[in-house]
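What follows is calculated from the coordinates using simple rules that are stated; it is not laboratory data. Worth saying up front: this structure is predicted, and the values here are computed from it rather than measured. Every residue, glycine among them, receives a Cβ derived from its backbone with ideal geometry; neighbour counts consider all protein chains shown.
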Amino acid sequence: MNCKLTSNFLFLACTVLLLLLSGAANAAVQEPLPALQFFKMVFGLILVVGMIVLLAWVWRRFGHNTLSGRNIIQMESILPLGSREKLVIIRTGERRLLLGVTTAQIQTLAELDPDTTPVAETDLTQATGFAGILQRIKK
């Protein structure tokens, strides 16, 4: 009887062990639901696109126009003269420059006094023509 009990116990133990192993193997082989895979893919895509947008914003905000944490060129004012022409006052270091900008070229029109404040736009709009605007800015 002792032998029969031992063989029954051994049979039961092997059966349980085989069931556990086959269940673990089936659990490892089973794939997640297709909907779950879709949501994982969409979440990953949104995460990657969000990181790209965040890095682009950080680059534009802090990175592309600075050297050692300070601005190299500061644009003080812009006055559009036509659809493609404009006057621009920039400050670089201790120099202030009046630039004429067109689609074909950028030309330095005058070097302005670095201690003066920029001319208000209302003063510029009252001038007549390009020569009048240029004379007001030079003063």
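A cut-off of 5 Å between modelled amide H atoms, ignoring neighbours fewer than 5 places along the same chain, links LEU112 with ARG96, LEU97, LEU98. Other residues lying with their Cβ under 14 Å from the Cβ of THR103 contribute a combined charge of +1, Lys and Arg counting +1, Asp and Glu -1. The Cβ shell under 12 Å around VAL88 holds other residues with a net charge of +1, Lys and Arg each +1, Asp and Glu each -1.
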